Every structure is written in C-alpha cells, then in structure tokens.
Amino acid sequence: MLCASYTYFLYILSDSKFRWQHVCISIHILGIIMSNPKSHDGIPILDLSQPLQPSSLFSLYKAAKDWGVFYIINHGISKDLCSHIQSLSKNLFNLPSDTKLRLGPFSSLKSYTPHFIASPFFESFRVNGPNFYVSANTSSEILFDKNDSKFSVMIEEYCSKMEDLSKRIVKIMLMSLGEGMEKKFYNSEFKKCHGYLRINNYSGPDVMEEEVEGLGMHTDMSCITILYQDEIGGLQVRSKEGEWIDISPSEGTLVLNIGDMLQAWSNDKLRSSEHRVLLKNHFNRFSLAFFWCFENDKVICAPDEVLGDGNKRMYKPFVCFDYLKFRENNEKGRFDKVGFTVRDFAGIKAQ
Ligand SMILES: O=C(O)CCC(=O)C(=O)O
C-alpha cells in the first residue's frame, strides 16, 4: 500500500517543474513511516541514532526469536578504529607459527588459537577484560619481546566502546521482552556481565576450487556477541528450517548475535544464532568478535516473569562456568566445541 502510493505520487509529479522537491518530500515521509528498516536479507537494522519505537522493539524481538541476529548502525564505533586494529593485528598474524605458539593452547596465557583447532583456515587471539590494555600488552610483549603500546591502546579503546554498546543492547533486549523487564532485571541479573574480544583471521587455501568452511557451525556462549567483519564476507546464519543465509558486510554496520546464555536465561524466547563462516575466495578475512557474558559463578535460571504463565522451563538451572568448561573441554586444544549448545548441556528433554 505504502509503495503503491509512493509510485503514484512520483507518476503524477513527473512532469512538474517542482518534481525533485516533491519527490524528496515524498521520500522523506516514506522514511519516517518506515521506522523499522530491514536489510536486503530481511534482517532488521537497529539504528541507534533513532528513538526506540514499540514497533522497532517488536521487530528486534522477532529477529532475536527467529534468527538470533540483527544489524546495528550508528553505533559510534568509527571505521578508522576498526581499520587500524585490523592493520596492527596483521603484524601479529604474520609472525612465524613458533612465535604465535608462545601464547598457544599449551602456554600459560592460552590466548592464541592456532590453525587446525577450530579449522585449518582459522586462527585467533583473545584479549580479556576488564583490563583490556593489560591483557593485550602482555600478549604483545611475549610475541614481540618489546613493549609497543599502540596496539594495546587501540584495543582498549575498542573494547571500552564495546562494553558500553553491550550494556545498551542488553537493556534493549530486555525491553523487547516486555514492559518493565529492563527495570526489573538489568541491575539484578546483568550488572556483573564482563567481556572479552576475539581477533579472528581467516586464510583459505591458495588454490580454491570450491568454498571451504572457515569456521564451522556453532553458537556463542555469551549473552550477546557484537561482530565487526571486514568487506570479504562469508558469515552465514542458519534459519530454523536449516537454510543458510548470508550476513553480508556493509560499511558502518555491526552484527549482533544472541548467545547461549541469553537463550537459556530467556527460556528460548531469544534464540542463540547458529552461524558459520564460509570462505569463497583466497582473500584473507578479518573479524572482531566481542563476547558479553554473565559472570562465571552466576546460576542461570529464567525468572518466572520471563517464563510467563503456563510455560514449561526449558533448562535446568546451571552455573555459567560449568557450561564454559563443558564447551571448552576438547581433546584437540582449547576451543569451543563446534556443534554443542546449551541445550546439550542443560536442556530439559520433552516428556
Ligand atoms: O568471523 C566471523 O564473522 C564470526 C566469528 C565467530 O563466529 C566467532 O568468533 O565465534
């Protein structure tokens, strides 16, 4: 209906000398009416520069319930900061394997995941909060045998912005669960959340006859994950029906994934996204994944108000740390078990 009237308006004005002025006005009106923008793949975009409307909260809730993913724009993280981190991270990933393994699965820090643990084409560095500067600096001193604080300063700036953004998004997700939920549950349940950053580097084989899996299907163990991906693409999310949908990169756009902890806490009202990365060409791919998690000793148990009248509990209460251990105990090294989810750990089987 909206589109029909828009086309008609253009048509009757097409010979007018005021054509452009009127066209602009009509587009402006359309922009206001379309307050819940969607990307070309139909996944909603959360525009943080706009006031939240009940209808946008509903779109986000639906996206989080059906897909576990949506886009964020106007988030205040500059493209320059991401590009700087990407170029400084290259210095880390370009080091010889032996050097990177000083932080590998058998080191005391264990902040480097080498190739062939999650996938032959994937490696990553982890930076822990709350003091991201110290964590990044400790790792880079071990790798470079000298102190160069530029990288650590940028990481700290990025992660501090990510912390603020994560808090904001968790509040919005609580609002999307119903009136009063944010006031009731943010301070009591989410105040002690903490974050860590994973810097991911993908390099496919030199000769590629067909696409390869850069990172296999998995869910995140976080409450939410905020992802920056470079322009190469390859991130996909799985629909409930099992179809893979591209989550295409777009400048200035971050991707928000719901993780297992929020899925369990919301009793499946919000869905932990099943995602993977496919490499379609030999270009290096870079991403930054910021995981926002409950504190380790938190017992996750969906509150009755979130459960709602007459709904069955989907999960036994569990301690966060026990779930993290369940996922990390992998004979091949320390990496999340691909394919295992919180349902395997604490799900209550239907009778
Ligand atoms: O690189 C990406 O786009 C996804 C990364 C991811 O899923 C992860 O780090 O868990």
(message) If I ask for residues that are more than 9 Å from the ligand (Cβ to nearest atom) and either crowded, with 19+ Cβ neighbours inside 10 Å or not in a loop (DSSP other than H, G, I, E, B) (or both), which ones from the range 237-249 would you list?
(response) VAL237, ARG238, TRP244, ILE245, ASP246
(request) Give just the number: which of (1) within 16 Å of the ligand (Cβ to nearest atom); (2) closer than 14 Å to LEU227 by Cα does GLY252 not satisfy? (result) (1)
(message) Can you tell me which of (1) at pLDDT 95 or above; (2) within 13 Å of the ligand (Cβ to nearest atom) is the one HIS218 doesn't meet?
(response) (1)
(message) Looking at (1) free of Cβ contacts under 8 Å to residues at least 40 places away in the same chain; (2) over 18 Å from the mean Cα position of the chain (by Cα), which one does PHE185 not meet, given that it meets all the others?
(response) (1)
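Can you tell me which residues in the range 160-209 are hydrophobic (A, V, I, L, M, F, W, C) and within 16 Å of the ligand (Cβ to nearest atom)?
Restricting attention to the range 160-209, the residues satisfying the condition of being hydrophobic (A, V, I, L, M, F, W, C) are 162, 165, 169-170, 172-175, 177, 181, 185, 190, 193, 197, 199, 207-208.
Those that are hydrophobic (A, V, I, L, M, F, W, C) and within 16 Å of the ligand (Cβ to nearest atom): MET162, LEU197, ILE199.
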(request) Starting from the range 285-309, keep only residues that are farther than 20 Å from CYS193 by Cβ and within 16 Å of the ligand (Cβ to nearest atom), then list their pairs with residues that are hydroxyl-bearing (Ser, Thr, Tyr) and at pLDDT 95 or above whose Cβ atoms are within a distance under 6 Å, requiring at least 6 positions of separation or different chains. (result) ARG285/TYR202
(message) I'd like to verify a number: residues in the range 75-106 that are out of contact with any Gly (no Cβ under 8 Å at 6 or more places or on another chain), over 13 Å from SER139 (Cβ atoms) and outside any helix (DSSP H, G or I), how many?
(response) 7
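Could you tell me which residue of the range 148-173 is surrounded by the most Cβ atoms within 10 Å (Cβ to Cβ), considering only residues that are without any contact (Cβ under 8 Å) to a residue 24 or more places away in the chain and of a type outside the set (D, E, K, R)?
Initially, the range 148-173 is screened for residues without any contact (Cβ under 8 Å) to a residue 24 or more places away in the chain, giving 148-149, 152-153, 164, 171.
With the extra rule that they be of a type outside the set (D, E, K, R), the set shrinks to 149, 152-153.
Details: SER149: 13, SER152: 22, VAL153: 16.
Only one residue fits best here, namely SER152.
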(request) Would you mention how many residues in the range 174-197 are under 27 Å from LEU215 (Cα atoms) and surrounded by 18 or more Cβ atoms within 10 Å (Cβ to Cβ)? (result) 4
(request) Would you please list the contacts, defined by Cβ atoms under 6 Å and residues six or more apart or on different chains, that run from a residue in the range 94-106 that is among the basic types (Lys, Arg) to a residue that is in a helix (DSSP H, G or I)? (result) ARG102/ILE142
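Looking at the range 257-288 only, could you name the residues that are within 30 Å of ASN91 (Cα to Cα), in contact with a strand residue (DSSP E or B) (Cβ under 8 Å, 6 or more places away or on another chain) and in a loop (DSSP other than H, G, I, E, B)? Spell out how you get there, then give the answer.
Step one: list which residues in the range 257-288 are within 30 Å of ASN91 (Cα to Cα), which gives 257, 275-288.
Next, only the ones that are in contact with a strand residue (DSSP E or B) (Cβ under 8 Å, 6 or more places away or on another chain) stay: 257, 275-279, 284-288.
The answer is ASN284, and nothing else.
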(request) Answer yes or no as to whether PHE121 is over 18 Å from the mean Cα position of the chain (by Cα), within 18 Å of SER160 (Cβ to Cβ) and not charged (D, E, K, R). (result) no
(request) Would you please name the residue that is nearest to MET261 (Cα to Cα), looking only at residues in the range 56-70 that are surrounded by fewer than 24 Cβ atoms within 10 Å (Cβ to Cβ) and in contact with an Asp or Glu (Cβ under 9 Å, 6 or more places away or on another chain)? (result) LYS65
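The values are calculated or read from the model by the stated rules, or taken from the named source; none is laboratory data. On a predicted model such as this, the values are computed, not experimentally measured, just so you know. So basically every Cβ, Gly included, is an ideal-geometry build from the backbone, and we count neighbours across all protein chains shown.
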